[in-house]
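Below is one structure; the comments refer to it alone.
Read-outs throughout are calculated quantities, based only on the coordinates presented, and are distinct from any laboratory measurement. Bear in mind that the values here come from a model prediction, so they are computed numbers and not experimental data. Cβ sites come from the backbone with ideal geometry, for glycine too, and all protein chains shown count toward neighbours.
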Amino acid sequence: MKKTLTKRTIDELVDEIKSKVELLRGTTIENATNKDIYYAISSIVNEEINKSWTQTEENYKQKQPKQIYYLSMEFLIGRLVESNLLNIGLLKECNEAIVKLGYSPEDIYAQEKDPGLGNGGLGRLAACFLESMASLSYPGHGCGIRYRYGMFEQRFINGHQTELPDYWLKEEYPWEIRKAEEAVEVHFGGEVHMFKKRNGSLEFRHENTDKVLAVPYDVPVVGYNNQVVNTLRMWSAESPAVESDLQTSHTAQYYHHLEHNRSIEQISGFLYPDDSSYEGKILRIRQQYFLVSASLKSILREYKQNVRRSLAHLPEKVVIQINDTHPSLTVPELMRILMDEEGFGWEKAWEITSNVVAYTNHTTLSEALEKWPKDMIKSLLPRLYMIIDEINERFCQGIWFDYPELRDKIPEMAIIADDQIHMARLAVVGSFSVNGVAKLHTEILKKQEMKNFYALYPEKFNNKTNGITHRRWLMQVNPKLTSLITETIGPRWISRPNELTNLLRYSKDRPFLDKLGQIKRANKESLANFIHEKTGIVVDENSIFDVQIKRLHEYKRQLLNIFHVIHLYNELKNHPQLDITPRTFIFGAKAAPGYYFAKEIIKLINTVASIVNHDPEIKGKLKVIFLENYNVSLAERIIPAADLSEQISTAGKEASGTGNMKMMMNGALTIGTLDGANIEIKNLVGDPNIFIFGLQSEEVFEYYRTGAYVARDIYNTDERIADIMNQLNGGEFGSQEIEFKDIYYHLLYNNDPYFILKDFDAYTETQQLVDQEYRDKDTWLSKSLINIAHSGKFSSDRTIQEYANDIWKIQKQ
Ligand SMILES: *Cc1c(COP(=O)(O)O)cnc(C)c1O
């Protein structure tokens with residue numbers, strides 16, 4: 001497309017901001033607050049975006065390309081003001097204009113509420129994918145839910161996590177546009193009536209349903225430097241208008257009506273704060289159907305308006321990629337629409353549906369496998385239940401007759417089994433593509449978790465290793481490093497991130513490495529200032545910034561990390577002269593509110609932090625910082641300052657990880673297990689440039705299979721571990737007594753299911769290697785550079801290119 005961006009000088013921008021402050025905010029620039037400036041800038045940016053948005057939509061209308069709809073219950077988009085400025089090419093100019101007006105860009109951008117419409121990796125991936133699709137000029141859009149309350153805000157009180165509601169819409173959100181005229185109705189409950197038509201076929205009428213109005217709020221997804229603006233459409237649940245006499249008469253009926261409205265609005269009321277585990281609540285399945293039904297209605301309406309051909313051609317024009325099983329009701333809902341509303345027979349409807357839907361699996365953790373009681377679905381979505389039942393019958397019969405060798409596997413493959421609907425099975429059967437999110441993860445799906453389905457449909461299975469957008473996670477968060485890279489190898493890497501490998505030539509270049517070191521140092525200073533501001537604690541910029549930021553989950557093993565910290569502390573208390581490289585351990589993590597054990601680990605980390613940080617004997621050697629409320633904005637501050645990236649999940653448990661990629665791209669070295677994408681990072685950078693330790697996934701599976709691991713044996717033989725465990729069991733820690741008996745008992749009596757004790761020795765030893773290697777600054781910097789140079793592979797542009805080529809079969813526009 002033609003590039004017709006309105007380029008501005010800094011002075012022009014200054015004038016525009018002034019005039020926006022006056023016209024939009026009704027104040028003068030002398031009296032303008034940070035908020036006034038923020039809204040003025042977002043308005044300028046929106047005017048620029050809106051021109052391209054209309055053009056992009058017009059272009060799609062005319063060319064009618066195949067379009068991608070990425071359905072996800074979560075989009076963790078982060079703040080948009082800076083990334084939109086970056087992508088329309090105005091970020092540098094705007095920063096300077098803000099400074100010229102006497103304000104701080106950082107303070108202005110921080111005025112934006114960070115929408116927490118996701119839990120973690122899965123939601124952030126969805127956001128990176130949208131940004132990459134737009135930046136690569138692909139016609140791809142997001143469909144999600146506009147939760148009124150996002151991810152809770154985390155505060156620590158006496159070291160305990162407390163949750164505060166996140167009402168992020170308190171002030172106007174400038175990036176959304178309400179499209180009331182494009183609202184659709186979503187139907188719940190009701191009864192299904194069957195009629196025999198004159199030609200003998202059956203017709204189903206779904207009556208007396210509860211109607212919910214789905215109102216879309218569109219957020220622009222701005223491509224980098226290409227004038228493409230795609231759409232993230234987020235649905236809000238409202239009650240449909242009712243007759244006016246009901247609204248004014250103060251009868252019992254009226255109050256009943258108000259109550260009903262409230263229950264409707266609940267559907268988009270809040271985000272479920274559980275990561276990697278599901279809550280089998282009825283409201284959650286209502287949310288899922290709401291997303292699916294509203295999105296499908298809007299997708300099909302658009303198809304009918306633009307394509308004007310039979311829906312038999314839908315697979316030529318539409319792919320629906322479902323982000324995990326959460327939107328897997330797409331399969332029966334599309335079947336329902338095609339049969340009941342569009343008059344297709346089963347076979348044709350099935351052919352269309354199963355050629356439109358593609359499914360991404362995100363985890364093999366059993367607690368995350370969605371299963372819904374069939375009676376719940378039957379009463380909430382009676383027609384969908386009938387269709388799922390029929391899909392299941394045909395599927396099981398198909399195996400029975402056509403795959404006799406799989407007959408005895410039917411009970412473990414059936415979509416409806418033991419009175420539950422197995423959503424992953426529904427998604428695999430009803431889609432044309434099933435992908436995992438890193439090589440190891442996809443292999444585990446094929447060889448273990450889904451081996452029967454792989455035997456049945458080998459052609460469906462494929463891998464798409466996750467990625468992150470290098471525009472937000474390098475250019476936006478680390479402008480100094482970005483400038484150094486461009487000065488060194490030119491700007492082509494921005495559109496071809498693989499060309500970051502051109503940096504490899506500088507891995508021994510002293511002046512270059514010096515600059516790299518200065519940049520990391522400056523980023524660490526700025527994080528140190530932030531830490532001081534937030535916690536009052538002074539950290540040493542020369543210490544190793546050892547970072548673990550991710551959701552708090554047992555499999556991610558924050559507990560292993562804090563065991564290492566306790567061990568170092570014990571060592572220093574016993575041997576005050578011990579020569580260790582000073583370290584600052586930085587944590588960020590939210591626990592699901594109902595996840596008791598995760599919350600105990602938070603309390604433990606905070607307890608250890610308060611003792612270590614205030615012990616005069618430890619001064620200058622160790623600090624432990626647990627920053628509150630980990631979210632995208634906090635990640636953006638921490639990641640450019642990280643020296644060491646902790647990716648220490650129990651092998652086989654972390655499907656991919658993306659935090660690992662963000663930190664690698666900013667020059668951190670990884671300490672990690674052979675899990676998820678860590679393996680692919682290791683294969684690129686090579687063994688000397690990453691710290692790998694611990695059990696491998698095969699060993700973990702073997703221990704689970706044989707039960708040969710006995711945690712107590714390690715407790716009995718490793719004195720360091722016995723010391724730590726006894727401290728947790730009401731022992732002395734520094735000058736204090738601490739008590740974390742639940743952790744103690746869990747590890748010993750539940751036999752340490754995540755192999756914390758088992759991997760402790762290898763982890764500690766590898767951390768000692770880190771300690772030694774960090775002392776040689778030049779070698780460390782050279783390794784840091786090698787990591788940056790290979791990180792282009794993990795740009796989500798590469799991931800999206802693979803989805804486009806292998807699954808979606810779409811062309812750039
Ligand atoms: C990237 C990101 C994640 C995912 O981190 P992992 O280490 O891959 O689990 C979670 N939360 C936020 C806010 C992120 O930015």
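Rounded to the nearest 20 debye, the dipole magnitude of the chain is 2240 debye, with +1 charges on Lys and Arg beta carbons, -1 on Asp and Glu beta carbons, and the Cα centre as origin. Per residue, the convex hull spanned by the Cα atoms of the range 529-671 amounts to 113 cubic angstrom. Ordering H193, L136, S431 by the projection of their Cα atoms onto the charge dipole of the chain, which places +1 on the Cβ of Lys and Arg and -1 on the Cβ of Asp and Glu, puts L136 at the extreme positive end.
Taking 0.36 nm per residue of separation and subtracting the current Cα-Cα distance, fully stretching the chain between E571 and T162 would add 144.0 nm.
Aspartates and glutamates within cross-link reach of K653: Cα-Cα under 15 Å, excluding same-chain residues under 8 positions apart? In chain and number order, the partners are D275, E367, E443, E449, E554, D675, E698, E699, E702, D752, D759. Working note: 222 nm ellipticity from helices only, DSSP H runs with n ≥ 4, each -39,500 (n - 2.57), summed and divided by the residues of the chain, gives -14000 deg cm²/dmol to the nearest 500. Centre-to-centre separation between the Cα atoms of the range 496-542 and those of the range 194-215: 62 Å.
Calculate, for D418 and E203, the FRET efficiency according to 1/(1 + (r/R0)^6) with r their C-beta to C-beta distance and R0 35 Å; round to the nearest 0.05. Plugging the Cβ-Cβ distance into 1/(1 + (r/R0)^6) gives 0.60. Each listed q (0.12, 0.13 Å⁻¹) maps to a log10 I(q)/I(0) for the range 671-813, found by the Debye formula over equal Cα scatterers with no solvent: -0.74, -0.82. The C-alpha atoms of the chain define a longest principal axis, and helix 91-100 lies at about 60 degrees to it. Normalised Debye scattering of the range 440-548 at q = 0.14, 0.22 Å⁻¹ gives log10 I(q)/I(0) of -0.79, -1.18, counting only Cα atoms as equal scatterers and leaving out solvent.
Rounded to the nearest 20, the size of the Cβ-charge dipole of the range 191-273 about its Cα centre is 460 debye, with Lys and Arg at +1 and Asp and Glu at -1.
Per the Debye formula on identical point scatterers at the alpha carbon atoms of the chain, with no solvent, log10 I(q)/I(0) at q = 0.10 Å⁻¹ is -1.13.
When the GluC sites (Glu not before Pro) in the range 163-250 are filtered for DSSP coil states and for at most 10 other beta-carbon atoms within 10 Å of their beta-carbon, the remaining sites are E172, E243. Each residue of the range 467-482 was assigned a 3J(HN,Hα) from its phi angle through the Karplus expression (A = 6.51, B = -1.76, C = 1.60, θ = phi - 60°), giving x, 9, 6, 6, 6, 5, 8, 10, 4, 6, 7, 9, x, 5, 5, 4 Hz with x at Gly and Pro. For the range 312-465, the alpha-carbon coordinates run over 43, 36, 31 Å along the three principal axes, in decreasing order.
Could you point to the residue in I468, Q55, I44 farthest towards the positive end of the chain's charge dipole, with +1 and -1 charges on the Cβ of Lys/Arg and Asp/Glu respectively? The residue sitting most towards the positive pole is Q55.
Would any residue of the range 720-748 have its amide N under 16 Å from a label point 7 Å out along Cα→Cβ of E617? List them or say none. Under cut-off, by backbone N: 724, 727, 732-738. Summary value for the chain: 13 percent relative contact order, contacts being C-alpha pairs under 8 angstrom separated by 6+ residues. Only beta bridges with both residues in the chain are counted; by DSSP, about 45 percent of them are antiparallel. Dipole magnitude for the range 625-702: about 280 debye, using +1 per Lys or Arg Cβ and -1 per Asp or Glu Cβ, origin at the Cα centre. Amide H contacts of T27: E22, each under 5 Å away and 5 or more positions distant or on a separate chain (H built 1.01 Å from N in the peptide plane; Pro and chain starts excluded). Among rounded, prolate and oblate, which fits the range 420-476 when a ≥ b ≥ c are the square roots of the eigenvalues of its C-alpha gyration tensor, a/c under 1.5 means rounded, and a/b larger than b/c means prolate? It is prolate, given that a/c is not under 1.5 and a/b is the larger ratio. Rounded to 0.05, the FRET efficiency of the N261 and E773 pair, given R0 = 56 Å and the Cβ-Cβ distance, is 0.35. Within the straight-line cut-off of under 22 Å between alpha carbons, the lysines reachable from K741 are K556, K590, K599, K603, K758, sequence neighbours fewer than 8 places apart in one chain being disregarded.
Between 0 and 90 degrees, the angle of helix 510-535 with respect to the longest Cα principal axis of the chain falls at about 80 degrees.
Toward the positive end of the charge dipole of the range 59-210, with +1 on the Cβ of Lys and Arg and -1 on the Cβ of Asp and Glu, the farthest Cα among F152, Y70, A180 is that of Y70.
Sorted largest first, the spans of the alpha carbon positions of the range 661-711 along the three principal axes are 40, 19, 18 Å. For the range 110-208, applying the loop criterion from DSSP together with a ceiling of 14 other beta carbons within 10 Å to the trypsin sites (Lys or Arg not before Pro) yields K170, K179, K197, R198.
Under 5 Å between amide hydrogens, built in the peptide plane, is the criterion, and for T231 it picks out G142, V221 among residues at least 5 positions away or on other chains.
Taking a ≥ b ≥ c as the square roots of the eigenvalues of the Cα gyration tensor of the range 122-236, is the shape rounded (a/c under 1.5), prolate (a/b larger than b/c) or oblate? Judged from the Cα gyration tensor, the range 122-236 comes out oblate (a/c at least 1.5, b/c at or above a/b).
Normalising the average separation of contacting C-alpha pairs (under 8 angstrom, six or more residues apart) by the number of residues puts the relative contact order of the range 587-715 at 18 percent.
Taking a straight line from the alpha carbon of K378, these lysines sit under 18 Å away, with near neighbours fewer than eight places off in the same chain left out: K211, K281.
Could you compute how fast the range 382-453 diffuses translationally, taking Rh as the Kirkwood radius over C-alpha pairs and applying Stokes-Einstein at 25 °C with viscosity 0.890 mPa s? Give it in µm² per second. Answer from the Stokes-Einstein relation: 187 µm²/s. What translational diffusion coefficient, in µm²/s and rounded to a whole number, does the Stokes-Einstein relation yield for the range 484-578 at 20 °C and a viscosity of 1.002 mPa s, taking the hydrodynamic radius as the Kirkwood radius over Cα pairs? The Stokes-Einstein estimate is 125 µm²/s. Between the Cα long axis of helix 719-728 and the first principal axis of the chain there is an angle of about 60°, rounded to the nearest 10.
Is the range 40-103 best put as rounded, prolate or oblate by its Cα gyration tensor, with a ≥ b ≥ c the root eigenvalues, rounded for a/c under 1.5, and otherwise prolate when a/b is larger than b/c, oblate when not? It comes out oblate by the Cα gyration axes.
Gain on full extension, evaluated as 0.36 nm per residue between Y596 and T717 minus their Cα-Cα distance, stands at 40.6 nm.
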